[in-house]
1. If I stretch the segment between residue 378 and residue 202 completely, what's the gain in nm (0.36 nm per residue apart, minus their alpha carbon distance), one decimal?
2. Within the range 121-137, find all residues whose amide N lies under 16 Å from a label point positioned 7 Å from the Cα of residue 13 along Cα-to-beta-carbon.
3. Tell me, what is the FRET efficiency for residue 164 and residue 83 to the nearest 0.05, using R0 = 30 angstrom and their Cβ-Cβ distance as r?
4. For the range 1-115, what class follows from the C-alpha gyration tensor (a ≥ b ≥ c being the square roots of its eigenvalues): rounded when a/c is under 1.5, otherwise prolate if a/b is larger than b/c, else oblate?
5. List, in order, the whole-Hz ³J(HN,Hα) value for each residue of the range 357-371 obtained from phi through the Karplus relation with A = 6.51, B = -1.76, C = 1.60 and θ = phi - 60°; use x for Gly and Pro.
6. For the chain, what does the helix formula give at 222 nm: sum of -39500 (n - 2.57) over DSSP H segments with n ≥ 4, over the residue count, nearest 500 deg cm²/dmol?
7. Might you report the magnitude of the Cβ-based charge dipole of the chain about its Cα centre, with Lys and Arg at +1 and Asp and Glu at -1, to the nearest 20 debye?
8. Rank the residues 354, 131 as a footprinting-exposure proxy: fewest other Cβ atoms within 10 Å of their Cβ go first.
Amino acid sequence: MINNQQHSQIDKHAYNSGMAAFFLGGVCAISAGIIVSILRDRYQFSFSLSGTLVSTMSIGNMVALLISGILPGKIGEKATTLILTSGACLGYLITSLTGNPVFLLLAFLMMGISKGCTANKCTILVGSNTDNRPKAMSLMNAWFALGALLCPFLITFLQGISPTLPMVGVSLAGLCLWFVFFFSGLPGRSTAAAETSGKTDYSFLKNPVFWILAMLLFCQNAAEYTVNGWVVTYYKNEHILSGALATYTVTVQWLFTLVARLLLAFAIKIRKPFKALAIMGIGMIIMYALLLTVSTPVPALIMLALFSFSVAGVYPMAVASIGEMLSSASVGFLLSFAGIGGILFPWLVGIIADLSGLRAGMAVNLIPCAGIIILSLVMLIREKKS
């Protein structure tokens, strides 16, 4: 009886740690787009370099997702997580100290590594300790959205004190993230070795559903990372919003993301997830197309809010659909493949923006929005046939 109670307490502690870590992960991850805009204004970076910084963070994210699914078998879950998540604190600290592109690329790589490891470990901590995974995933991502919602206020407040203080402040949030994982109860080397004494199960790689989910998340990453990384710069460049007001576009974006994820967690019961995903994709493509056509503040913010509401459920619903394939390895492969979208499309936006203007570059993001619709319909057809 005592052992069962202790086991229950450990599960609850791990679950809560995953929620807390993803909240801080939201602060750290979404601050990157605002920090890119601040750095571009300060050092007059080109669109290409700005896009490369965002994409470099996505590269780190992808690398971390692979490593965090493989490395624990050698050094343990805790050591792996603490090493990789230190990048949030160290990366943002570097951005406060220099404008050298080489060091900034390294900083964003480290920040991406921390983001990827955080996503992997929080998914395992929460997903493995709940009886209702779809609800838990939506709630976990709601905490991420809350962190993302608060980060513009934090950055604007700190920027009013000192130009470099926003980077230092987010660096301290990264340090708090590291301490959450330190006390989360993640197993050390001996436990990890015992659990992974057999060969890692890679059978999920032969499952076509896994790859459809991976491609769906590829499109979600591409669409969401592009907006996260570029929307502040886009509104400033097109003179739709300016100054600190442009920074609060992130608040609008993540407020509606938070609302959507809370509705999915507590109010809306989804019986056919892929039908819901197809509807979300339709909403995304319509709202994003309208976002690119408006040129005044209020309609621009409304379109951004509705786009954010549409995309909010794609990630948690797709991850929850992994079902019995859930493991560190499967989550690592799934999210690292998806991360390629977050690397490719922000980079493409910067390249096309230098050639044809930022509005043309942003239009590239309509492709992954359409991809979500197509892939969801493919899954609906598979379900109907089976």
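1. On the way: separation 176, 0.36 × 176 = 63.36 nm, distance 2.37 nm.
Length difference between fully extended and current span is 61.0 nm.
2. 125-126, 129
3. 0.70
4. On the way: a/c = 3.31, a/b = 2.30, b/c = 1.44.
Prolate, because a/c is 1.5 or more and a/b exceeds b/c.
5. x, 5, 4, 5, x, 5, 5, 4, 5, 5, 5, x, 4, 5, x
6. -28000 deg cm²/dmol
7. Dipole size: approximately 620 debye.
8. Ordered from fewest to most neighbouring Cβ atoms within 10 Å, 354, 131 come out as 131, 354.
Each value in this text was obtained by applying a stated rule to the coordinates, not by laboratory testing. Predicted model, so just to flag it, every value in this text is computed and none were measured. We place every Cβ from the backbone using ideal geometry, glycine too, and count neighbours over all the protein chains shown.
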